[in-house]
Structures are given as C-alpha cells and as structure tokens.
Amino acid sequence: MNLYYCDVLSPRKACAVAKYLKLPIDHTYVNLAKGEQRTADYLALNPSGKVPTLVDGERVVTEADAIICYLSDKAGADLWPHERRQQLDIIAWFSWNAQHFTRATGSLYFEYIIKPRFGIGAPDPVAVSQAVAEFRRYGKVLDDHLAGRKWLVADTLTVADFSVAVALPYAEQAKMPLDDFPEMRRWHDQLNALDGWREPFP
C-alpha cells in the first residue's frame, strides 16, 4: 500500500490510523506548495487533487474518512466495527464533523497555521471570530456527548475519534478554546496517549 499525504489536517487522520494499526505502508509526500497535487499523474489517482490518497494494488481510495475505514478492515481491526448500529453512529459523526465541527476547527487551523506557512496573509479577524463562535457552539454538543463516555461511539476507540479530533492537536497554536471544554480535553488527552496520534507523520 502507498499513502499519498501532506502534513496537513485530512492526511493526519489517515497517517495516524496507519501508524496506530502498525500497517506496512509506504508514504509518498505530496508537496502542496509546489502544486504536486495538480500534476497529471496525481490527478489520475485523485481527480479532486486533494490529499490523502491510498493505493492498494489496483484499488485507489480517496477521502480521509473512507481511507481510515479501509485501513481498519485491511488490518482486521475493529476501529471500523461491522455492527450496523455502530457503523451508522460513526457515519453520523463523520457527517456532523464535516458539516459543523471541522468547519470551525479547520477555519482556525487555516487562519493561524496555513496562512503563515504558505505566506498567504494574516489571520482575518472576522473569520476567526466566526470560527471561535462555531467552535463554542459545536464544542458544547461534543462536550455534552462525551460526558460519561470514554470514546465517541460505544465506549470503544473507533475511526470516529480519529476523524472528529483531527484538528485538536493544533488547538493551542490555532487559538481554539479547547480548555473551556473539560470532556473534550479529557478525550483528546486519551488520544494523546497513543503514539500514532501524537506523531502520525512518517
């Protein structure tokens, strides 16, 4: 297997799961600053020109959430459980995250980390203010859900945890008010106990 990645948010999920599962996998770095995601060869694998992309023989899997489910199955692990109710719960968290929480965390990550890294301007105070408000709004939903639970789904570590928490390692640098949400902080501290979560990139 070969995982095309860059050290940004979405590929972090895939790299973290691959490392956690100790899968024998090759990694190919895609230099976004040089536009390598727009080359003809890469677009032949992933027409959206995004990272990550997983190639497993003739099988190509795009989109980070799909990749982490595929990796769990490949490893014979239970991060992507085969019980229908749990799968539906995980899909619901994937959707909630994409539509709500990552819009907030991803915006703060972009304003405070991506902009300086790629030299595309200073943080936009309006965008930051909106993102912080959204973080607080949806952070409360997440915090309330986690109260009395160890993990997001069925009290077992799943791909949902890797997906929803993906931006939280950058909370301090991106000025996310994580410490205002004790259950979310506890949950992320648990993830930080995993080597693959702390240091996901090769």
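Table for the structure above
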{"item": "Per-residue ³J(HN,Hα) for segment 168-183, Karplus 6.51 cos²θ - 1.76 cosθ + 1.60, θ = phi - 60°, Hz, x for Gly and Pro", "result": "5, x, 9, 4, 5, 5, 9, 6, 7, x, 4, 5, 7, 10, x, 5"}
{"item": "9 Å beta-carbon shell around Ala131, net charge (K/R +1, D/E -1)", "result": "-1"}
{"item": "Only Lys, Arg (+1) and Asp, Glu (-1) charged, at Cβ; segment 84-198 dipole about Cα centre in debye", "result": "200 debye"}
{"item": "For segment 1-58 versus segment 107-141, the gap between their alpha-carbon centres in whole angstrom", "result": "25 Å"}
{"item": "Modelled FRET efficiency - R0 22 Å, Asn192 with Ile91, Cβ distances, 0.05 increments", "result": "0.30"}
{"item": "Positive-pole candidate from Pro116, Ala66, Gly148, dipole of the chain, charges at beta carbon", "result": "Pro116"}
{"item": "J(HN,Hα) series, segment 99-114, from Karplus relation 6.51 cos²θ - 1.76 cosθ + 1.60, nearest Hz, glycine and proline x", "result": "7, 10, 5, 5, 5, 7, 5, x, 5, 5, 4, 5, 5, 9, 10, 5"}
{"item": "Reach of Lys150 by Cα under 16 Å, taken over lysines that are not fewer than 8 positions away in the same chain", "result": "none"}
{"item": "Antiparallel DSSP beta bridges within the chain, percent to nearest 5", "result": "65 percent"}
{"item": "Karplus 3J(HN,Hα) series, Hz, for segment 152-166 with 6.51 cos²θ - 1.76 cosθ + 1.60 (x for Gly, Pro)", "result": "5, 10, 6, 6, 10, 4, 9, 4, 4, 5, 4, 6, 5, 8, 4"}
{"item": "Projected area, mean over directions - segment 2-75, Cα convex hull, nm²", "result": "4.5 nm²"}
{"item": "Highest-first arrangement of 193-199, 100-106, 137-143, where packing means the average Cβ count within 10 Å", "result": "100-106, 137-143, 193-199"}
{"item": "Residues Ser72, Ser48 arranged by fewest to most Cβ contacts within 10 Å", "result": "Ser48, Ser72"}
{"item": "Given charges at beta-carbon only (K, R positive; D, E negative), |dipole| of segment 2-75 in Debye", "result": "220 debye"}
{"item": "Interchain or long-range residues, amide H under 5 Å from Thr156's placed H", "result": "Trp151"}
{"item": "Over the chain: helical MRE at 222 nm, DSSP H runs n ≥ 4 each giving -39500 (n - 2.57), nearest 500", "result": "-14000 deg cm²/dmol"}
{"item": "Estimated distance in nm for a label pair at Val55 and Leu43, the labels positioned 7 Å out from Cα along Cα-to-Cβ", "result": "1.7 nm"}
{"item": "Listed pairs Lys50/Lys175; Lys115/Lys175; Lys50/Lys140; Lys19/Lys74 exceeding 21 Å between Cα atoms", "result": "Lys50/Lys175; Lys50/Lys140"}
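None of the figures in this text is laboratory data; all of them are computed from the coordinates on show. Bear in mind the structure is a predicted one, so any value in this text is a computation, not a measurement. So basically every Cβ, Gly included, is an ideal-geometry build from the backbone, and we count neighbours across all protein chains shown.
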